[in-house]
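Visitor: Quick one: the structure is below, questions incoming.
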Amino acid sequence: MKKSNIISFDSLSLEEFDENSELIPLMTPEDEEAIDNEDLPKTLPILSLRNTVLFPGVVIPITAGRDKSIKLINDANKGSKVIGVVAQKDETVENPSANEIYNIGTVARILRVLKMPDGNVTVIIQGKKRFKIDEVTSESPYMTATIQDLPEARPTLKNKEFSAIIDSIKDLALQIIKESPNIPTEASFAIKNIESNSFLVNFVSSNMNLTVSEKQSLLETNDLKKRALATLKYMNVEFQKLELKNDIQSKVQNDMSQQQREYFLHQQMKTIQEELGGVSHDAEIEDMRKQAKSKKWDEKVAKHFDKELSKMQRMNPQVSEYSIQRNYLELFLELPWNEFSKDKFDLKRARKILDRDHFGLDDVKRRIIEYLAVLKLRNDMKSPILCLYGPPGVGKTSLGKSIAEALGREYVRMSLGGLRDEAEIRGHRKTYIGAMPGRIIKSLKKAGTSNPVFVLDEIDKLSNSHQGDPSSAMLEVLDPEQNSEFYDNFLEMGYDLSKVMFIATCNSLSTIQPALLDRMEIINVSGYTIEEKVEIAKRHLLPKQLKEHGLDESHLKIGKPQLEKIVEGYTRESGVRALEKQIAKMVRYVAKNIAMEEDYNVKITNNDIIEVLGGPKMERNKYENNNVAGVVTGLAWTSVGGDILFIESTLSKGKGNLTITGNLGKVMKESATIAMEYIKSNAQEFGIDPSVFENYNVHIHVPEGATPKDGPSAGVTMLTSLVSLFTQKKVKKNIAMTGEITLRGKVLPVGGIKEKILAAKRAKIKEILLCEENRRDIEEIKQDYLKGLTFHYVSDMSEVIKFAITDQKVKHAKKL
């Protein structure tokens, strides 16, 4: 129900217009009867209303602005003060014609006319009874028409249904007044004091929020009972809307009250923070926006950042998501978007740095310089993915650091050993509490540039679990075709890694996922010779340990012979990590003597080495004599580089059984079986009595039973051992061999040749027997490594026996 009409009716009904006017009482049944008996004029001036409908008995104020309407009101006010009021069909029409107004309206009496300062006229009118226009007689200076009375059918007071409808209208009107905040409570008194049923229906109809056409349809309803029922339906709809509106308003008001309370507390907190010298929420947002202007990111990133910053601005600083959002935006500001360090492509300087930091490794250095040369010529080439493959302690990781220094780039190292969570590479989604970016993005943030030298250490030690497969996540990182848009889950957008120079290190290629291995350029970093280890110890390891223990060169001197003794007697690896530990022991020995003010030899002697390090531990790995049949030296590859192993075999009375011991794998046992069967089938060629195989058992043993051993490369060694055993002939002095054998008598090539050659040199081996196809591996090895070695290349197992077995019988040869 409308506020304005209720107030107007209430005030006009209960108050005086001025001192001389009469009170306008609420319409009574007697008033209705008097009006019904009153005769209407045959012709009336017609006043058209734009946006309302006048009902009989109802008082409403009307503002007239049209010239015709003002003249009509002034003329009527001077005369009978009775006019005809009708609603126009289209309120936008300025001067409606007879066809543009409804033909049913209400006869009205002018109660008062008020002139407004703007020239308009406000007239207060009261409806009397309904009429119908017969004919419009004139439209100038205003519309006049002949009319006829339009009586309505009113039910009797005894009509129970009508009485119930009237009671429902009253009750519902009082509820609407009570529920509506816009209607004054005084209006309820007016409703209660209405005695006339028809006036109650007209009064309520006039004040409901209905359209002009809906009100007009009520006015045109002749049957008062039907009009009352239609009015009740409209009231029910309005009451339901009011209840829903009040319910929504109540919820919104509660939310607003809570927000206002939080706002007040936040303002207090902001003031307290500023007083204590802290940064307010708004100041933090503004500072981020200012930093963003200095970033070199593209339009896509800038747009994304602005969107996320606006999201943070709308957040309550007290919610948990706020800290995640702030960390997210801080990451954006700290990442080096399109910030690159300038490369120094002085290749001679780069070579000097590599030579300064690493002794030997000439092939590795040459390949690194080649990469840098191509990078210099192209300048915009996607950085290569290098993988330094070799045993521990040979300087793979430190090579990456030297490359970074040579290029003038930042150096980043990331250890992948044991990494099993994919989120460590790709990051967590920022919907999780405690979400963080992956280690790739965090390392770039720490580096401060988008083109560092990035060392991925121990890439072969990646593992997988229920948390994902990190090696698969590394595929995008290390693929030059994909890493220009590397997607981090926390960052939620691509980051360009194509300018990063990735250098991976590994000890074994067998454990690397094939797809990942395919994306890398493998550079083999093999072990060091004894001479190289001595030089490394002299140039790098000893000065480093002296510095770490607070000493200098005047406190300790170790000559080359002594360094060589330490290398040969106390280390067996391809790298120099164990050698550094032994040198550290010597330095600690000197530090202790200096601290306790005891005498010691500044220049270390052999006796000092034995006193500090104990007796030599690796002498057993030297070549053993050939005075026993069936003992042959083989060459093996291990995860720590090359090594030598000994194959021993012996005969005992029996039924021709073959037994094998020494913690051997399946492949190695198969090699022994193949060698045995080949010898049986070619016994006559080797000068062996076939009856031996039926009367003697053969036992093959490989010492160091605690160490697992497997692989096909011991095949020729086992063959030579068995032939020496059956013929009781000596094996050549200082010879070692490696190669795989087949049942057809062929010798096949094996890997790890350089590491095996270095192991042979450490063991004082003079001659080495290899497959013919391994000749190319020997040709790739630096000639300095091969000094003092003689190579015999074979392709058939009979050639192995020809080279390895002498015609001399061993002492105390068995009679078979």
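Where a number appears in this text, it was derived from the coordinates with a stated rule and is not lab data. Given the structure is predicted, the values throughout are model-derived calculations rather than measurements. Here the Cβ is made from the backbone with ideal geometry for all residues, glycine too, and neighbour counts use every protein chain on show.
Visitor: Compute the orientation-averaged projected area for region 682-780 from the convex hull of its Cα atoms and round it to one decimal in nm².
Guide: 7.8
Visitor: On alpha-carbon atoms, Rg over Rh for the chain using Kirkwood Rh?
Guide: 1.42
Visitor: Here is a follow-up. Taking every DSSP beta bridge that has both residues in region 664-816, what percent is antiparallel when rounded to the nearest 5?
Guide: 35
Visitor: Based on Cα positions only, what radius of gyration and what Dmax would you give for region 347-524, in angstroms?
Guide: 16.1, 51
Visitor: Starting from the amide H of residue 768, placed 1.01 Å from N in the peptide plane, find each other amide H under 5 Å away whose residue is 5 or more places distant or on another chain.
Guide: 736, 790, 791, 792
Visitor: Mind pulling the angle between the C-alpha long axis of helix 715-727 and the longest principal axis of the chain? Nearest 10 degrees, somewhere in 0 to 90.
Guide: Roughly 30 degrees, rounded to the nearest 10.
Visitor: How long is the gain from residue 286 to residue 784 if the chain were fully straight, where each residue apart is worth 0.36 nm and the alpha carbon distance is subtracted?
Guide: 172.6 nm
Visitor: Here is a follow-up. Calculate the dipole size of the chain relative to its Cα centre from +1 charges on Lys and Arg beta carbons and -1 charges on Asp and Glu beta carbons; express the result in debye to the nearest 20.
Guide: Charge dipole of the chain: 5040 debye, to the nearest 20.
Visitor: Mind scanning 344/445; 365/538; 756/787; 729/802; 764/809 and naming the pairs with a C-alpha gap bigger than 19 Å?
Guide: 344/445; 365/538; 764/809
Visitor: Return one number: the angle in degrees, 0 to 90 and rounded to the nearest 10, between the long axis of the Cα atoms of helix 753-762 and the longest principal axis of the Cα atoms of the chain.
Guide: Approximately 50 degrees, to the nearest 10.
Visitor: Moving on to the next point. Indicate the gyration tensor shape class of region 723-800 (rounded, prolate or oblate), computed on the Cα atoms with a ≥ b ≥ c the square roots of the eigenvalues: a/c under 1.5 is rounded; otherwise a/b larger than b/c is prolate and the rest oblate.
Guide: It comes out oblate by the Cα gyration axes.
Visitor: When N is the residue count of region 151-195, what does its C-alpha Rg come to as a fraction of 2.2 N^0.38 Å?
Guide: That ratio works out to 1.38.
Visitor: Show the residues, 5+ positions off or on another chain, whose built amide H is closer than 5 Å to the amide H of residue 419.
Guide: Here the answer is 463, since their amide H atoms fall under 5 Å of that of residue 419.
Visitor: Rounded to the nearest 0.05, what FRET efficiency is calculated for residue 806 and residue 446 with R0 set to 56 Å and r the Cβ-Cβ distance?
Guide: That pair, residue 806 with residue 446, gives E of 0.30.
Visitor: Still on this structure, please answer the following. If the cut-off is a Cα-Cα distance under 29 Å, which lysines reach residue 115, setting aside same-chain residues fewer than 8 apart in sequence?
Guide: Cα-Cα hits under 29 Å: 2, 3, 68, 71, 78, 81, 89, 128, 129, 215.
Visitor: To make sure I understand the rule: partners must be lysines, Cα under 22 Å from the Cα of residue 158, and not fewer than 8 residues away in the same chain. Which ones qualify?
Guide: Qualifying lysines at Cα under 22 Å: 170, 192, 225, 226.
Visitor: Could you tell me what percent of the DSSP beta bridges with both partners in the chain are antiparallel, to the nearest 5?
Guide: Bridges in the chain are about 60 percent antiparallel.
Visitor: Which one, 416, 113, 525, is farthest towards the positive end of the dipole of the chain when Lys and Arg carry +1 and Asp and Glu -1 on their Cβ?
Guide: 525
Visitor: What angle, in degrees between 0 and 90 and rounded to the nearest 10, separates the Cα long axis of helix 67-78 from the longest principal axis of the Cα atoms of the chain?
Guide: So the helix axis and the longest Cα principal axis differ by about 40 degrees.
Visitor: Give me the aspartates and glutamates in straight-line cross-link reach of residue 295: C-alpha distance below 18 Å, same-chain residues under 8 apart excluded.
Guide: Correct list for residue 295: 284, 286, 287, 306, 308, 330, 334, 339, 496.
Visitor: A further question on this structure: Show me 756-768, 689-701 ranked by packing, highest mean number of other Cβ atoms within 10 Å first.
Guide: 756-768, 689-701
Visitor: Let me ask something else about it. May I ask you to list the residues of region 501-529 whose amide nitrogen lies under 17 Å from a point 7 Å from Cα along the Cα→beta-carbon direction of residue 710?
Guide: 508-512
Visitor: Also, quick follow-up: Among 264, 46, 739, whose Cα lies farthest out toward the positive end of the dipole of the chain, if unit charges sit on the beta carbon of Lys, Arg (+1) and Asp, Glu (-1)?
Guide: 739
Visitor: Summing -39500 (n - 2.57) over the DSSP H runs of n ≥ 4 in the chain and dividing by its residue number, what mean residue ellipticity at 222 nm do you reach, to the nearest 500 deg cm²/dmol?
Guide: -13500 deg cm²/dmol, from helical runs alone.
Visitor: As I understand it, the dipole of region 709-816 uses +1 on the Cβ of Lys and Arg and -1 on the Cβ of Asp and Glu, about the Cα centre. Which of 724, 759, 792 lies farthest toward its positive end?
Guide: 724
Visitor: So, one more: Once you place label points 7 Å from the Cα toward the Cβ at residue 137 and residue 467, how far apart are they in nm?
Guide: Reported label-point gap for residue 137 and residue 467 is 10.0 nm.
Visitor: Shifting gears a bit: Rounded to two decimals, what ratio of Rg to Rh does region 622-809 give with C-alpha atoms and a Kirkwood Rh?
Guide: 0.95
Visitor: Could you bin all the Cα-Cα distances of region 532-627 into 5 Å bins starting at 0 and give me the percent of pairs in each, rounded to whole numbers?
Guide: Using 5 Å bins, I get a P(r) of 2, 13, 25, 25, 17, 8, 4, 2, 1, 1, 0 for region 532-627.
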